[in-house]
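Asker: Quick one: the structure is below, and I'll ask about it shortly.
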Amino acid sequence: MTVWFIVVLLLLFVYFSYRYVWWKRAVDYRYPRILMYHMIRDAIPGKKFNSLRVTPKDFETQIKYLHDNGWHSYTMEEAINQKKSLPLKSVMITFDDGYQDNLTNALPVLRKYGFKATIYLVNDRHDRDWSGYRKAKNEGAGLKDESKLSDDEVKELLDSGLIEIGAHTLTHANLKNLDEVESQKEICISKKQIEVQFQTACQSFAYPFGLYGSKEVKIVANCGYSNAVTTKVGIVDLNECDLFEIPRVTVSGKDNFFAFYLKLRTGKRGVKK
Ligand SMILES: [Zn+2]
């Protein structure tokens, strides 16, 4: 009986250790953490993409933790401009796609704690189902039904003084499937449209689905962006890395607080993600 109890305990310990890699040392706190979010809303039971839905309650717990533990918040553009003098514990909150809940659920929390964020906006985001652009089987998985920010709401976000609007292509394109001319249009015109429509500089870019190659990296640089983020997972020194291939830390709606805490330390909660 006792032997079995010990064996079970050991197995649980091994599982817990594999899942959370709790012994790993924190990455140098001189390197900023760039957190990737999508929606701030409750999960939809039975639907795909719930990892992209972080509940408002969890989001507030995370931002409050950052605030209470001395983290300094910047937009991507600010961080790039000040990369030589960023303080220890710098964090950039980023949201991909342009969901309406970024205004209704995230902004009140950001305001409460004085935190900033960068939102990567798809220009043609209404009534568009990009779920299937990467894998056909994801088509109709529900991202189309999620409310996106209207242009007036984007202005409201900008007026808060806490939000930077970055670009995420015109149509949430899978850049891997496009030729150079089409990629150029998706990457460069999205920037220009944002600048004209919202009277704001658009310096930051995020590759849709995190899919890109050396061709896209060159186009992003030539279009006049100062930086681009990927979905590669990691925490890096902005003074050393390629500013057009910056990795981020994925915050998943499926993470508990311990997973968030570990990701902030090491970029990952476990061995792989
Ligand atoms: Zn996206």
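Each reported figure results from applying straightforward, stated rules to the coordinates on display, with no laboratory input. Please read all numbers here as calculations on a predicted model, not as lab measurements. Positions of Cβ are backbone-derived with ideal geometry, glycine not excepted, and every protein chain shown enters the neighbour counts.
Asker: All other residues with a Cβ under 14 Å from the Cβ of Lys176 taken together, and with Lys, Arg as +1 and Asp, Glu as -1, what is their net charge? Could you put the intermediate results ahead of the total?
Answerer: Values: positive: Arg134, Lys135, Lys215; negative: Asp179, Glu180, Glu182, Glu186, Glu216.
My count for the surroundings of Lys176 gives -2.
Asker: For every other residue with a beta carbon closer than 9 angstrom to the beta carbon of Met39, add +1 if it is Lys or Arg and -1 if Asp or Glu, then tell me the sum. Spell out each step's value before the answer.
Answerer: Working: positive: Arg41, Arg53; negative: Asp97, Asp101, Glu146.
Result for the neighbourhood of Met39: -1.
Asker: Indicate the gyration tensor shape class of region 150-273 (rounded, prolate or oblate), computed on the Cα atoms with a ≥ b ≥ c the square roots of the eigenvalues: a/c under 1.5 is rounded; otherwise a/b larger than b/c is prolate and the rest oblate. Display every interim value, and only then the final one.
Answerer: Numbers: a/c = 1.95, a/b = 1.33, b/c = 1.46.
Oblate, since a/c reaches 1.5 and b/c is not below a/b.
Asker: If neighbour count is taken as other Cβ atoms inside 10 Å, put His168, His38 in order from fewest to most. The partial results should precede the final answer.
Answerer: Values: His168 28, His38 25.
Result, fewest neighbours first: His38, His168.
Asker: Ranking Val8, Val54, Val3 by Cβ neighbours within 10 Å, fewest first, what do you get? Please report the intermediate quantities before stating the final value.
Answerer: Working: Val8 10, Val54 27, Val3 7.
Ascending Cβ contact count within 10 Å gives the list Val3, Val8, Val54.
Asker: Oh, and also: In terms of Cα to Cα distance under 17 Å, which lysines are near enough to Lys176, apart from those fewer than 8 places away along the same chain?
Answerer: Lys135, Lys185, Lys215, Lys218, Lys232
Asker: Sort out the exposed loop GluC sites (Glu not before Pro) in the chain (DSSP loop, at most 16 other Cβ within 10 Å) and tell me the longest stretch that has none. All intermediate terms of the calculation are to be shown ahead of the outcome.
Answerer: On the way: sites that count: Glu139, Glu240.
Here the longest segment lacking exposed loop sites spans 1-138.
Asker: State whether region 1-138 is rounded, prolate or oblate according to the following rule on the C-alpha gyration tensor (a ≥ b ≥ c being the square roots of its eigenvalues): a/c under 1.5 gives rounded; otherwise a/b larger than b/c gives prolate, and the remaining case gives oblate. Before the final figure, lay out the partial values.
Answerer: On the way: a/c = 2.11, a/b = 1.28, b/c = 1.65.
Oblate.
Asker: A further question follows. Give, as a single signed number, the net charge of other residues whose beta carbon lies under 11 Å from the beta carbon of Thr104, with Lys and Arg counted +1 and Asp and Glu -1.
Answerer: Details: positive: Arg41; negative: Asp101, Glu153, Glu156.
Computed value for this residue: -2.
Asker: Can you show me the helix-derived [θ] at 222 nm for the chain, built from DSSP H runs with n ≥ 4 at -39,500 (n - 2.57) apiece and divided by the number of residues, rounded to the nearest 500. Mind showing how you got there, number by number?
Answerer: Details: 9 runs with 87 residues, N = 273.
It lands at -9000 deg cm²/dmol.
Asker: I need Leu9, Leu211, Leu149 ordered by Cβ neighbour count within 10 Å, fewest first.
Answerer: Details: Leu9 10, Leu211 16, Leu149 25.
Going from sparsest to densest Cβ surroundings: Leu9, Leu211, Leu149.
Asker: Using the Cα gyration tensor of the chain, with a ≥ b ≥ c the square roots of its eigenvalues, what is the shape: rounded (a/c below 1.5), prolate (a/b larger than b/c) or oblate (neither)?
Answerer: Note, shape of the chain comes out prolate.
Asker: Here's a follow-up. Tell me, how many Å apart are the Cα centres for region 183-241 and for region 84-116?
Answerer: Value for the Cα centre distance between the two parts: 19 Å.
Asker: Helix by helix through the chain, keep the DSSP H runs that span 20 Å or more along the axis on Cα and average at least 1.0 on Kyte-Doolittle, and give those back in order.
Answerer: Values: long enough: 2-20 (27 Å, 1.79).
Going by DSSP H runs, the hits are 2-20.
Asker: Pairs of alpha-carbon atoms within less than 8 angstrom and 6+ residues apart define the contacts here; what relative contact order does the chain have, in percent?
Answerer: Details: 513 pairs, mean separation 61.5, N = 273.
Contact order relative to length: 23 percent.
Asker: Hand me the chymotrypsin sites (Phe, Trp or Tyr not before Pro) from region 1-50 located in a DSSP loop with no more than 16 other Cβ atoms within 10 Å, in residue order please. Intermediate values should be presented prior to the final figure.
Answerer: Numbers: sites: Trp4, Phe5, Phe13, Tyr15, Phe16, Tyr18, Tyr20, Trp22, Trp23, Tyr29, Tyr37, Phe49; in loops: Trp22, Trp23, Tyr29, Phe49.
Sites meeting the loop and neighbour criteria: Trp22, Trp23, Tyr29.
Asker: Which of the trypsin sites (Lys or Arg not before Pro) across region 49-102 are loop residues per DSSP, with 14 or fewer other Cβ within 10 Å? Before the final figure, lay out the partial values.
Answerer: On the way: sites: Arg53, Lys57, Lys64, Lys83, Lys84, Lys89; in loops: Lys83, Lys84, Lys89.
Filter output for region 49-102: Lys84.
Asker: Magnitude of the Cβ-charge dipole of the chain, K/R +1 and D/E -1, about the Cα centre, nearest 20 debye? Show your work: numbers first, answer last.
Answerer: Working: 40 positive and 33 negative charges, 269 e Å.
Using Cβ point charges on Lys, Arg, Asp and Glu, the chain gives about 1300 debye.
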